[in-house]
1. Limited to segment 174-194, what total is found for residues that are within 10 Å of the chain's Cα centre (by Cα) and either surrounded by fewer than 21 Cβ atoms within 10 Å (Cβ to Cβ) or free of Cβ contacts under 8 Å to residues at least 60 places away in the same chain (or both)?
2. Which helices (runs of 4 or more DSSP H) does segment 28-111 wholly contain that include 3 or more residues that are open to solvent by less than 80 Å² (accessible area, probe 1.4 Å)?
3. Let me confirm something: among THR120, THR100, THR114, which residue is touching a helix residue (DSSP H, G or I) at 6+ places or on another chain (Cβ under 6 Å) and over 17 Å from ILE217 (Cβ atoms)?
4. Scan segment 122-137 for residues that are in a helix (DSSP H, G or I) and buried (at least 24 other Cβ atoms within 10 Å of the Cβ) and jot them down.
5. Going residue by residue through segment 161-173, is there one that turns out to be without any contact (Cβ under 8 Å) to a residue 12 or more places away in the chain, open to solvent by 50 Å² or more (accessible area, probe 1.4 Å) and under 12 Å from the mean Cα position of the chain (by Cα)?
Amino acid sequence: MTSLEQLTSTPLFGVAATVIFYAAAQLLNRKWNWLHPLFLTAGGLIVLLVLCGIPYEEYKGGGDIVGFFLGPATVALAVPLYESLKRLRGKIRAVVIGVTIGSLCGIVSVAVLTWALGATKDTVLSMLPKSATSPIAIELSRQLGGSPELGGVFAVLTGLLGSMLGPALLRFARVRGDIGIGTAVGTAAHGIGTARLLRDSETQGGISGFAMSLSSIITPILCIPIYWLT
């Protein structure tokens, strides 16, 4: 076994590589604010594994340790949500309607687009729950008969692209209010988009966390007819 193989065979490699790439991505993000650090980190890790010929299984040991902390980090989003409840009083109904329509549009639009582009049934079913948070998207993809692995990939990509492009598109559409921005990003880009908003506005981030939670409940309900049909 070579020294490189010895290094990559331990969980420490996955943890160290992730932390180093994320730290570098944070520095680049200070110069290009629109470029999400997670996008750079994921891309950098993929390039590293491919160029060095390192099997994903060797990285996964350390990556799972990092992923373990995703749960507590998601729960921590409840703090800004609690502090934003005053802003939501009297507007809960509008937010629920907005999240429901947004979730439905997300499912229908991806079904129509992938079908028009000639995607396979497995790919279509895997993409349908892409706007739900990743654990829910993975399980929904499995229940619908798609690929849970693809479901997770599409969910993460949706969150990354939504976090990078979402705020700019909302500004272009002249959406300025905290509730409108938070609801849109939380519905479409789940936790990754919510974390992006929290960097600029705790209020928008809190509302986005609420919308993300609602979307995670509403999306599975909307997928029930699809489950029956498949």
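The values are calculated or read from the model by the stated rules, or taken from the named source; none is laboratory data. Since we're looking at a predicted model, the values are computed, not measured. Every residue, glycine as well, gets a Cβ built from its backbone with ideal geometry; the counts of neighbours run over all protein chains shown. What goes into the accessible areas is simple: the full protein's heavy atoms, side chains included, and nothing from ligands, DNA or RNA. Shrake-Rupley method; radii C 1.70, N 1.55, O 1.52, S 1.80 Å.
1. Adding up the residues that qualify gives 3.
2. Passing ranges, in order: 37-52, 56-68, 70-75, 78-83.
3. Going through THR120, THR100, THR114 in turn, just one is touching a helix residue (DSSP H, G or I) at 6+ places or on another chain (Cβ under 6 Å) and over 17 Å from ILE217 (Cβ atoms): THR114.
4. Within segment 122-137, LEU125, SER126, MET127, ALA137 meet the criteria.
5. no
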